[in-house]
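The values are calculated or read from the model by the stated rules, or taken from the named source; none is laboratory data. Nothing here was measured: the structure is a model prediction, and the numbers come from that model. Ideal geometry is used to build each Cβ from the backbone, glycine not excepted, and the neighbour counts take in all protein chains shown.
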């Protein structure tokens, strides 16, 4: 039986940050779609100022179709991929309580640095901040390194994480045990950081044994690698 | 050692460290900056040095200096940055020094684009530096191979006293795949009696130099080096074949493109076209004899690259123009799909 996801943000501002390649964008996009499907207004901000590849800006059409508002850097995915912060961000601090604003932040302390300029506004408004991490990423594979990366992000963003998200997977070779094997590792990190686990995350296509995992965000992933055949989706089925 | 999930650029950096490279000199450029970033984090942990030079030119000259001491040393860049390194690379060749140079290619010419390309094939295989010079060129096609070839590159460089280029592209550098890395702490350096490590009055001076004012002396060093190149051509050719045994049309592709072609071969076979794939792994030395043997039973070849056809001449020379050689490619940072390649297989009748 598929697990549930009971966790919901308790503030209108939700920040998703973590180590490079930990799955921040996947978690952000799928949380945005989930919250939107429950009728909330949702704005997703592509706040990645460090990496021009694999970013929320790639998902704009899908998000907008689902009714999620997106704010992406003016130059994202153009020839001028400049590390700019879109000025519209200031507008999200004026919205109502019926809206959730998700910041999809770039990797590590470098990616979170630009968030620091909004830390006063974000703190005043109240926020949840998720630390997304994977046991199979070598620089966060040791619990003390995972905690160290987290403290670096907090220092550079001048914000504090409120929850952890366990997105442990080993890409196409993810099997039944990949996520369960990371439960002990995650407990260690919870102990070191004194933070609660909000949920685990997994792509829908991974075959995972769910026993003992707790709540899981099931994510779709439409990334097609260059050598893969693009699936044909008939419009009549949608 | 179990597998981890890494970006191609990270896998190059970590594998280099595990193969004894403790000196990295670089300058940032997309899509390879993660190599420098990773090195900046990891080198202090392992007692190594990561230095961001003031330009690509100073980085390659730092490589020259560090390599003179016999240490394993590397630099990395992307297409325009590699052009800047050209002079230094020729100096390193002329000084007979081993080192690793990584090119994570992007769209060109000029400042071009930041998307994947294979437009530096000519540069890498024919004239990475000026003069009678050559470097070994490895073309990995997965994150695992980026890690493995990084180790291989250092070993080959040490064995033949030559720079080695790892020729990757923006897709390989940026994508994440499971990878098994070499174990930590198992690297054993080989003896390098030529290294300039201080003679301590125990031996003659070792001199590392590429300047020979007397032309006859210079000619002797070049001829000696070409004897080593002949050894490399004899011993170090690497390639992979996929369904070439009964193939009517053989695709020739390397790097990321070879993976697209592999899928296209499957699509073609489903349609009853007997397709196969020949994948050079060393772009220099080029697998000439091996390609000629594979092509014997085929009726035609189709080269597929992310450029305007830079490998076509090497293929024609390898098979002595015995079969028609077609070409299909995208350039500037564009990637063909497997279906695009299938169309090219179906359409291509003639030679270019």
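Given the criteria away from chain A (no Cβ under 11 Å), at pLDDT 95 or above and not in a strand (DSSP E or B), does residue B:262 qualify? It is false that residue B:262 is away from chain A (no Cβ under 11 Å), at pLDDT 95 or above and not in a strand (DSSP E or B). Within the stretch A:226-233, the presence of a residue that is surrounded by 18 or more Cβ atoms within 10 Å (Cβ to Cβ), more than 16 Å from residue A:16 (Cβ to Cβ) and at pLDDT 95 or above is excluded.
Taken over the stretch A:140-159, residues that are over 18 Å from the mean Cα position of the chain (by Cα), within 14 Å of chain B (Cβ to nearest Cβ) and farther than 26 Å from residue A:120 by Cα amount to 4. Inspect all residues belonging to the stretch A:200-215 and state whether any of them is within 12 Å of chain B (Cβ to nearest Cβ) and touching a helix residue (DSSP H, G or I) at 6+ places or on another chain (Cβ under 9 Å). No, there is no match, as no residue in the stretch A:200-215 is within 12 Å of chain B (Cβ to nearest Cβ) and touching a helix residue (DSSP H, G or I) at 6+ places or on another chain (Cβ under 9 Å). Can you tell me which residue within the stretch B:231-259, out of those that are more than 14 Å from every other protein chain (Cβ to nearest Cβ) and in a strand (DSSP E or B), is farthest from residue B:148 (Cα to Cα)? Filtering first and then ranking leaves B:249. Residue A:221 meets each of the listed conditions (1) within 14 Å of another protein chain (Cβ to nearest Cβ); (2) in contact (Cβ under 8 Å) with a residue 12 or more places away in the chain; (3) part of a helix (DSSP H, G or I) apart from (3).
Here's the yes/no breakdown for (1) assigned by TED's automatic domain parsing to the domain that holds residue B:164; (2) surrounded by fewer than 23 Cβ atoms within 10 Å (Cβ to Cβ); (3) within 30 Å of residue B:110 (Cβ to Cβ); (4) touching a helix residue (DSSP H, G or I) at 6+ places or on another chain (Cβ under 7 Å):
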position	(1), (2), (3), (4)
B:248	no, yes, no, no
B:270	no, yes, no, no
B:274	no, yes, no, no
B:325	no, no, yes, yes
B:334	no, yes, yes, no
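Residues in the stretch A:105-138 that are farther than 25 Å from residue A:57 by Cβ and touching a helix residue (DSSP H, G or I) at 6+ places or on another chain (Cβ under 7 Å) were compared, and the one that is farthest from the other protein chains (Cβ to nearest Cβ) is A:135. Only one entry of B:22, B:111, B:51, B:5 meets the criterion of being more than 19 Å from residue B:137 (Cα to Cα), in a strand (DSSP E or B), within 12 Å of another protein chain (Cβ to nearest Cβ) and touching a helix residue (DSSP H, G or I) at 6+ places or on another chain (Cβ under 7 Å), and that entry is B:5. Which members of the stretch A:115-154 meet the condition of being farther than 25 Å from residue B:6 by Cα and assigned to a helix (DSSP H, G or I)? Answer for the stretch A:115-154, where residues must be farther than 25 Å from residue B:6 by Cα and assigned to a helix (DSSP H, G or I): A:115, A:116, A:117, A:118, A:119, A:120, A:121, A:122, A:123, A:124, A:125. Return yes when residue B:41 is without any contact (Cβ under 8 Å) to a residue 12 or more places away in the chain and within 14 Å of another protein chain (Cβ to nearest Cβ) and no when it is not. The answer is yes for residue B:41.
One residue stands out among those in the stretch B:309-329 that are touching a residue at least 40 places away in the same chain (Cβ under 8 Å) and farther than 16 Å from residue B:348 by Cα: the one that is farthest from the chain's Cα centre (by Cα), which is B:315.
Residue-by-condition table, conditions (1) within 14 Å of chain A (Cβ to nearest Cβ); (2) at pLDDT 95 or above; (3) in contact with a helix residue (DSSP H, G or I) (Cβ under 7 Å, 6 or more places away or on another chain); (4) on the phi < 0 side of the Ramachandran plot:
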| position | (1), (2), (3), (4) |
| --- | --- |
| B:286 | no, yes, yes, yes |
| B:290 | no, yes, no, yes |
| B:296 | no, yes, no, yes |
| B:304 | yes, yes, yes, yes |
| B:309 | no, yes, no, no |
| B:350 | no, no, no, yes |
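Against the condition within 14 Å of another protein chain (Cβ to nearest Cβ) and touching a residue at least 60 places away in the same chain (Cβ under 8 Å), how does residue A:19 come out, does it pass? So residue A:19 passes the test.
Among the residues of the stretch A:22-54, the one identified as surrounded by fewer than 23 Cβ atoms within 10 Å (Cβ to Cβ), within 26 Å of residue A:182 (Cα to Cα) and within 14 Å of chain B (Cβ to nearest Cβ) is A:54.
Against the numbered list (1) part of a helix (DSSP H, G or I); (2) within 14 Å of another protein chain (Cβ to nearest Cβ), residue B:59 comes up short only at (2).
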